[in-house]
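S.K.: Mind looking over this structure? Questions follow.
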Amino acid sequence: MSENLAQVTPAPASAIVSPAEQPLLQVQDLNMVFHVRDGLKVQHLHALTNLSFDVRRGEAVALVGESGSGKSTAARIIARLTAPTSGKILLDGENVLARRRATLDFRARVQMIFQDPFGSLNPVHTVGYHVERPLLRHALVGSRAEAKVRTKELLERVGLTPGNEVANRYPHELSGGQRQRAAIARALAVSPELVLADEPTSMLDASIRVGVLNLLRELKEDRGLALLFITHDLASARYLADRTLVLYAGHLCESGPSGQVMDEPAHPYTRLLLSALPDPRRAGGVIEPPRGKSGAPRLIDPAPGCAFADRCPDVHDRCRSESPTMHLIAPGRLVRCHLYAAGSTQRPTLPS
Amino acid sequence: MRGLLADRRARIGFLLLGVSLAIAFIGSLFVHDPSDLVAKPLMPPSAAHWLGTTGQGQDVLAQTIAGARASLTVGFLVGFLVVAIGAVIGTIAGYFGGWVDDVLSLIVNVFLVMPGLPLMVVIAAYLPPGPGTIGFVLVLTGWAWTARVIRSQALALRERDFVHAAVVSGESHWRIILWEILPNMSSLLASSFIGAAIYAIGAEVGLEFLGLGDVSQVTWGTNLFWSANDSALVTGSWWTFVPTGLAIAAVGFALALLSNALDELGNPRLRGEDDFIKRLRGYGLRAGGATPVLRRTPGGAVESTVATSTARAEAPNGVARVPGEPGKKGETRVQP
Amino acid sequence: MTVSITTVAPELLRVEDLAVEYLTPDGDVRVVDDVSFTIREGECFGLAGESGSGKSTVAMAILRLLKPPGVISGGRVLWRGEDVLDFDDASLRAFRWREVSLVMQSAMNALNPVITIGEQLCDVILAHEAVTPVQALERAASLLELVNIDSGRLKSFPHELSGGMRQRVVIAMALALSPRLMIMDEPTTALDVVVQREILAQISELRAKLGFAVLLVTHDLSLMLEFCTQVGVLYAGRLAELAPARELVTAPKHPYTQALLASIPDPRRAVVRLQGIPGIHVDLRRPPEGCRFHPRCPRAFDRCPEVRPELTPLGPDHLASCLLYSTPPATTVQS
């Protein structure tokens, strides 16, 4: 990373969008505070703080973070399964949260795939039922017979052949990877524009994972589908997503094209994550401890300043008192860290 | 359903229940009108009257059968209503949560807290006596428990991903409740029904025995009431209450068997474990200690073994030699 | 003339043709089929495989801790020359925990929530050693220090510690009796990547200090390759390949290993389109004839469905069970 970067003071997320094309999804200042009862006291758990990002049509964006980062909460809010404490979600410029209940039209445009392949299919219904229902609900077909034909096509599109035979099976008769494909077929039934995938491959074996990721990528390419891929696995994020957003303790730390974020991580947390990942090329060597402290972020009544301060190897006094702001360090590259503040010459000390 | 019938206990239960229902509803065609005075009172069982006569001179067999019709009808109807009301309220409370749940749970809790028996007595005293009143009272005091149980299950199912997926697909609440959640509660509903029916039959008999029913109607409870009233124990006329008692016990037993079988259906692992323990015992080993070691001799010749059912030598280390099934693992091995 | 003498550490555990079956009412399923490997003193051995491979089953079978309906149906488990499968209850007791200890997945959730960790550590010590409670407490304190936890935490309850710390407590418990081998079954799966590295680095340090061997069972191949020195890859209950970790990374021989390594994306490298392995996992109730991998193997040929491959040596400590490497047989023996 060169030293003479254009240092622009706090840049809003929308600054990176080319003015010609409006993003499909714009998340603006999303906040989520949960009220947790601890005996008689009520505590405030800050799951998400001022989260803002965009997803363009046909783009795959990864939301990466560990448990407690808020990534799943963000997905559920965008899918309108949970209401946020505050913030806006714009679909083609229109704030969908302005309406109390999600419209059928919204449901046709934004779909979701879940983590547990078995849990996301109802054990008492056949695979075919799961795919037919959205077709019927959204009146995309004229008759049950037509629904069955469309279902067969969708199942075959996701690699479950022969479609009509798989449609008659129950979820427990399929393997994990097959169930996940069925869930994808269900999501595709309404021809959505955006698919939220919440850890879709975490519960699958490594050899099956790649198949499902490849399928998602193909679908993105042929149908111009936008994908928001939630994961804790940086490797899958890089494999599937064009852009990666790193979350920590409900805050966006860093974002940019996946390759750049992984090859030249700017935020100390990203660097820590990357260095901690197992590396088979280090086989036979000494096991290095991580370059940074472990520990869960404090989400309940968080301390002022940067949430990562307690663990950061590059922490300064300013980090504990002042919350860092977002800095644009290169076209499309944002980092939320005092190390990149205007006029600062400090850089993270961790090797990449 | 198929799985249920595979269980021997369930089959016995169904059979017993079926026989009871058949006797109750068809048997009545073959006997006297139970209210008819047919012979001398308190006659022991004889060829003319298989179960003897009551203190009034009525045929006990006819009364037992007529009683079955009345009591079973009330029992099953109450069971059904209790589950229906409990399911509606419990599912709505569990699914919607929030203030809906708060209000409904409050109502459920109030009904749960109300003392059943005194309430039954008071209400029965105000309304015209009869099985209908009893049924009403039983439903009123019985629905809350089932509602509670179903609410818990609905709460748990609400959080399953397939429900979230249905919401994201745009399904309406009612569609989700009826088609996604309720079908997953079928075994709970079935076992609640059986439990409610057992409760209803027992409670109904109890109330009528206390005289709170319409004593001029023939039900199992009134049979027992009259039997006590006519000092059956003192006169030694056991035939006036034993048949009814046995009939109640038989139906209760049948329902309990079905309930047991249903429980196991929901937990197939139990069956597998019993099976395993039996097999190990056949090899002279016990389960529950260290993992047993069973050495199979290679397929083909059967070696004489330690573990046959006649020669039950206790293998001290949990090791037994059993014959390999010839041809079971018929693999070709390459000799390097 | 120079003679190079490589000192090879003595054998600690030798598993020979281990077979495990599950006896179910619907039939007996062979989930581990003639698995053999050796672990030497001080070595870090990894057993990798996907779901259904039998790796956890092998680990549990060594300690004879398999739950019903599992039974060991063949082979030998030689611990320093003696067959564990012949041990009586008393010998097993001495064997477990003193000689070989176990750290299970989510072991941190296996800590009793109503007892302090100090008491739990003492319980383990007192159950196996004839020491006074005071001595046990001293031992417990030094064990905690071994895993970098302040001994003041002896009075803490499990819920007061983080997941990573709890796992370290469990490791301390596993080391309480100075075992020669520690078996770890997915010890870090439920932990985040940073804590995982911390714990594994800790174990590495302890190994260097105390000299125990480790058998690590995991589905995470990258983890195993970085952490272990010798690894075995299981597929459908059979060993596909055994090799030193370095060699497996640079020169995997078995088509399954090759395909598996090729289906793991690397975040540090530019994206290359990966294939994965087509097909689905083996149904162990009806496994394929011959080589169990052949239906999914890109290099399968006509003999693969007929002949079961044996582990063939391909180099020092490197074996693979694949017909591509077996010497052609003179006859095929039908059993």
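The values are calculated or read from the model by the stated rules, or taken from the named source; none is laboratory data. As the structure is a prediction and not an experimental result, all values here were calculated from the model. Don't worry about glycine lacking a Cβ; one is built from the backbone with ideal geometry, like all the others, and counts go over all protein chains shown.
S.K.: It is to be established whether one or more residues within segment A:253-264 are in contact with a Lys or Arg (Cβ under 9 Å, 6 or more places away or on another chain), β-branched (Val, Ile, Thr), surrounded by fewer than 23 Cβ atoms within 10 Å (Cβ to Cβ) and more than 8 Å from chain C (Cβ to nearest Cβ).
M.R.: No: zero hits.
S.K.: OK, next. Residues that are more than 30 Å from A:CYS306 (Cα to Cα), at least 3 per element: which strands (runs of 3 or more DSSP E) completely within segment A:16-117 meet that?
M.R.: Because the criterion is at least 3 residues that are more than 30 Å from A:CYS306 (Cα to Cα), the strands (runs of 3 or more DSSP E) in segment A:16-117 that meet it are A:110-113.
S.K.: Which ones in segment A:155-177 are modelled with pLDDT under 90 and more than 14 Å from chain C (Cβ to nearest Cβ)?
M.R.: Matches in segment A:155-177: A:GLY163, A:ASN164.
S.K.: Of the conditions (1) of a type outside the set (D, E, K, R); (2) surrounded by fewer than 24 Cβ atoms within 10 Å (Cβ to Cβ); (3) over 30 Å from A:ALA187 (Cα atoms), A:HIS267 fails just one. Which one is it?
M.R.: It is condition (2) that A:HIS267 fails.
S.K.: A further question on this structure: Residues to consider are B:SER259, B:SER227; find the one that is under 24 Å from the mean Cα position of the chain (by Cα), among the hydroxyl-bearing types (Ser, Thr, Tyr) and assigned to a helix (DSSP H, G or I).
M.R.: B:SER259
S.K.: On to the next question. Looking at C:ARG286, C:ARG273, C:ARG268, can you tell me which residue is free of Cβ contacts under 8 Å to residues at least 40 places away in the same chain, within 12 Å of another protein chain (Cβ to nearest Cβ), out of contact with any helix residue (DSSP H, G or I) (no Cβ under 7 Å at 6 or more places or on another chain) and on the phi < 0 side of the Ramachandran plot?
M.R.: One residue alone meets the criteria, C:ARG273.
S.K.: Look at B:ALA87 and say whether it is touching a residue at least 12 places away in the same chain (Cβ under 8 Å), aliphatic (A, V, I, L, M), under 30 Å from B:SER186 (Cβ atoms) and out of contact with any Pro (no Cβ under 6 Å at 6 or more places or on another chain).
M.R.: Judged against the criteria, B:ALA87 is a match.
S.K.: Further, regarding this structure: Hey, could you check segment B:192-227 for residues that are among the aliphatic types (A, V, I, L, M) and in contact with a Phe, Trp or Tyr (Cβ under 7 Å, 6 or more places away or on another chain) and say which is farthest from B:GLY135 (Cα to Cα)?
M.R.: B:LEU224
S.K.: With the requirement that a residue be outside any loop (DSSP other than H, G, I, E, B) and more than 8 Å from chain C (Cβ to nearest Cβ), what does segment A:266-299 give you?
M.R.: A:PRO268, A:TYR269, A:THR270, A:ARG271, A:SER275
S.K.: In addition: In the set A:ALA147, A:ALA139, A:ALA185, which member is touching a residue at least 40 places away in the same chain (Cβ under 8 Å) and within 27 Å of B:ASN184 (Cα to Cα)?
M.R.: Unique residue meeting the criteria: A:ALA185.
S.K.: Kindly check whether there is at least one residue in segment A:76-85 that is facing another protein chain (nearest Cβ under 9 Å) and on the phi > 0 side of the Ramachandran plot.
M.R.: yes
S.K.: If you don't mind, there's one more thing I want to ask. Mind checking which residues of segment C:171-208 are of a type outside the set (D, E, K, R), under 17 Å from C:LEU225 (Cα atoms) and away from chain A (no Cβ under 13 Å)?
M.R.: C:ILE183, C:MET184, C:PRO187
S.K.: Of the conditions (1) within 26 Å of B:ALA190 (Cα to Cα); (2) within 14 Å of another protein chain (Cβ to nearest Cβ); (3) in contact with a Leu (Cβ under 9 Å, 6 or more places away or on another chain), B:ARG160 clears all except one; give me its number.
M.R.: (3)
S.K.: Look through segment C:1-59, keep the residues that are among the hydroxyl-bearing types (Ser, Thr, Tyr), surrounded by fewer than 18 Cβ atoms within 10 Å (Cβ to Cβ) and not in a strand (DSSP E or B), and return whichever of them is modelled with the highest pLDDT.
M.R.: The extreme case among them is C:SER51.
S.K.: Looking only at segment A:263-287, which residues are under 27 Å from A:VAL335 (Cα atoms) and either free of Cβ contacts under 8 Å to residues at least 12 places away in the same chain or among the acidic types (Asp, Glu) (or both)?
M.R.: Hits for segment A:263-287 are A:ASP263, A:GLU264, A:PRO278, A:ASP279.
S.K.: Let me ask another. If you check C:ILE72 against the conditions, is it within 14 Å of chain B (Cβ to nearest Cβ), under 14 Å from the mean Cα position of the chain (by Cα), in contact (Cβ under 8 Å) with a residue 40 or more places away in the chain and surrounded by 22 or more Cβ atoms within 10 Å (Cβ to Cβ)?
M.R.: Taking the combined requirement at face value, the residue does not satisfy it.
S.K.: Let me ask something else. Somewhere in segment A:126-138, is a residue at the interface with another protein chain (Cβ under 10 Å from one of its Cβ atoms), crowded, with 24+ Cβ neighbours inside 10 Å, basic (Lys, Arg) and part of a helix (DSSP H, G or I)?
M.R.: yes
S.K.: Related question: Within segment A:77-108, restricting attention to residues that are among the basic types (Lys, Arg) and surrounded by 20 or more Cβ atoms within 10 Å (Cβ to Cβ), which residue is nearest to the chain's Cα centre (by Cα)?
M.R.: If we take residues in segment A:77-108 being among the basic types (Lys, Arg) and surrounded by 20 or more Cβ atoms within 10 Å (Cβ to Cβ), then A:ARG80 is nearest to the chain's Cα centre (by Cα).
S.K.: Here is a further query. Quick one: in segment A:272-314, of everything that is of a type in the set (A, V, I, L, M) and surrounded by fewer than 17 Cβ atoms within 10 Å (Cβ to Cβ), which residue is nearest to the chain's Cα centre (by Cα)?
M.R.: Filtering segment A:272-314 for residues that are of a type in the set (A, V, I, L, M) and surrounded by fewer than 17 Cβ atoms within 10 Å (Cβ to Cβ), the one nearest to the chain's Cα centre (by Cα) comes out as A:ALA296.
S.K.: Among the residues of segment A:165-176, how many are touching a residue at least 24 places away in the same chain (Cβ under 8 Å) and either over 16 Å from A:PHE118 (Cα atoms) or not in a loop (DSSP other than H, G, I, E, B) (or both)?
M.R.: 6
S.K.: Tell me whether segment C:217-239 contains one or more residues that are within 11 Å of another protein chain (Cβ to nearest Cβ) and closer than 23 Å to C:LEU111 by Cβ.
M.R.: Yes, segment C:217-239 contains a residue that is within 11 Å of another protein chain (Cβ to nearest Cβ) and closer than 23 Å to C:LEU111 by Cβ.
S.K.: I've got another one for you. Kindly indicate which of C:LEU85, C:LEU92, C:LEU66 is farther than 26 Å from C:THR229 by Cβ and part of a loop (DSSP other than H, G, I, E, B).
M.R.: C:LEU66
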